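To keep things clear, I will list the structure first and then write my remarks on it.
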């Protein structure tokens, strides 16, 4: 049994088999439905339901607020149709439309950024050019490893692709990158994906919040903004546990010198020793540093708990929900648990 789902942006209806979500059916047919985490936590697949009935599996209120749900919005990644439906996905203010590419790459550079984070630079050998918007990610397959999602840390148009990969607990791929990946290894890359990308038309302040290796897409976004001549205040916060987790500090300090509108603030949540740096959590720093962020646009990347808590504070400070662009970094174990709750 299948239900017919009319998506207003498409000419042909979508057939969704019983028990499948709208997003699963769309992706299975190769339809370009906006999405990110696929687990009800990012809000990228938010849609207006105009007719029909769906059942939604559990999801985060960051992705869909109670007010939005009452107004008839749904998340396609959590919505299983119970009847024929009509809907439309929410279109972004600035749509990132880039050709989908499958690239053959080789490892051109490996270096350690912190005790548990590696920088991997890839040279494209075939399948390019690779166009993307600053802040997007790609599916990366290292030799003999399953595919993983990693954000580009370089600006679009640069010669090599840069990724920051942190070794996570029980993370087979990240530990392979740390101990087994070698210069010259062949790497498959597919993309781009993601909706937490730089909106160049915005002229208000920018608040950029990175947790750990979430600095990768934030770096891409801020470098693109500065290179394109952004003059508004740009506030960059890097949240890490302790001193040894800070990286690229000299790089961002040099950007501060060249761009007086940029401010870079590391924040330590669990310093191992006495420190003169800011301490606490990123949401604490926001509440201390700002009274009103009305008109600002926020970009966030890092652990889901950090993203959700900071979004709540940003909204209290006046940032509109549609101006919070987030990329929560889920481990494979977290993704499997969330999908299992569907």
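Any read-out appearing in this document is the output of simple, stated calculations on the displayed coordinates, not a laboratory observation. This one's a predicted model, so the numbers in the text were calculated from it and none came from an experiment. Using ideal geometry, Cβ is built from the backbone for each residue, glycine included, and neighbour counts are taken over all protein chains shown.
Between residue 51 and residue 292, the modelled label-to-label distance comes to 4.6 nm, taking each label 7 Å out from Cα in the direction of the beta carbon. Working note: 222 nm ellipticity from helices only, DSSP H runs with n ≥ 4, each -39,500 (n - 2.57), summed and divided by the residues of the chain, gives -6000 deg cm²/dmol to the nearest 500.
The order of the peptides 117-128, 290-301 by mean Cβ neighbours within 10 Å, most packed first, is 290-301, 117-128. Each of residue 249 and residue 12 was given a label point 7 Å from its Cα along the Cα-to-Cβ line. The distance between the two points is 5.6 nm.
The three principal axes of the Cα atoms in segment 233-342 give end-to-end lengths of 48, 36, 23 Å, sorted in falling order.
Using C-alpha pairs under 8 Å with a sequence gap of at least 6, the mean separation divided by the residue count of segment 101-193 gives a relative contact order of 39 percent. The slack in the chain from residue 110 to residue 69, taken as 0.36 nm per residue of separation less the alpha-carbon distance, amounts to 10.2 nm.
Sorting 202-208, 170-176 by their mean Cβ neighbour count within 10 Å, with the most densely packed peptide first, gives 202-208, 170-176. Quick check: from the Cα gyration tensor, does segment 88-135 come out rounded (a/c under 1.5), prolate or oblate? It is oblate, given that a/c is not under 1.5 and a/b is not larger than b/c.
Normalised by residue number, the volume inside the convex hull of the Cα atoms of segment 1-44 is 76 Å³ per residue.
Here the relative contact order of the chain, from alpha carbon pairs under 8 Å that lie six or more residues apart, stands at 14 percent.
Evaluated at q = 0.20 Å⁻¹, the base-10 log of the normalised Debye intensity for segment 114-264, with identical point scatterers placed on the Cα atoms, takes the values -1.32. Among 189-197, 231-239, sorting by the average number of other beta carbon atoms lying within 10 angstrom of each residue, highest first, gives 189-197, 231-239. Could you tell me how many degrees, from 0 to 90 and to the nearest 10, lie between the Cα long axis of helix 215-227 and the main elongation axis, the longest principal axis, of the Cα atoms of the chain? The two axes meet at around 80 degrees. Taking every DSSP bridge with both residues inside the chain, close to 60 percent are antiparallel. Going by a ≥ b ≥ c, the root eigenvalues of the Cα gyration tensor, does segment 101-193 fall in the rounded group (a/c under 1.5), the prolate group (a/b larger than b/c) or the oblate group? Cα axes put segment 101-193 in the prolate bin. When only Cα pairs below 8 angstrom with a gap of at least 6 residues are kept, segment 31-161 shows a relative contact order of 18 percent. On the basis of the beta-carbon distance and an R0 of 25 Å, residue 200 and residue 259 show a calculated FRET efficiency of 0.95. Note on segment 243-268 and segment 12-39: Cα centroid distance 41 Å, given to the nearest whole angstrom. Under the classification rounded if a/c is under 1.5, otherwise prolate if a/b is larger than b/c and oblate if not, where does segment 53-95 fall, given a ≥ b ≥ c as square roots of the Cα gyration tensor eigenvalues? In terms of gyration-tensor shape, oblate. Averaging Cα coordinates gives a centre for segment 206-237 and one for segment 163-192; these two points are 24 Å apart. Each 5 Å bin from zero up to the one holding the largest Cα-Cα distance in segment 2-89 carries the following percent of pairs: 3, 16, 30, 28, 17, 5, 0.
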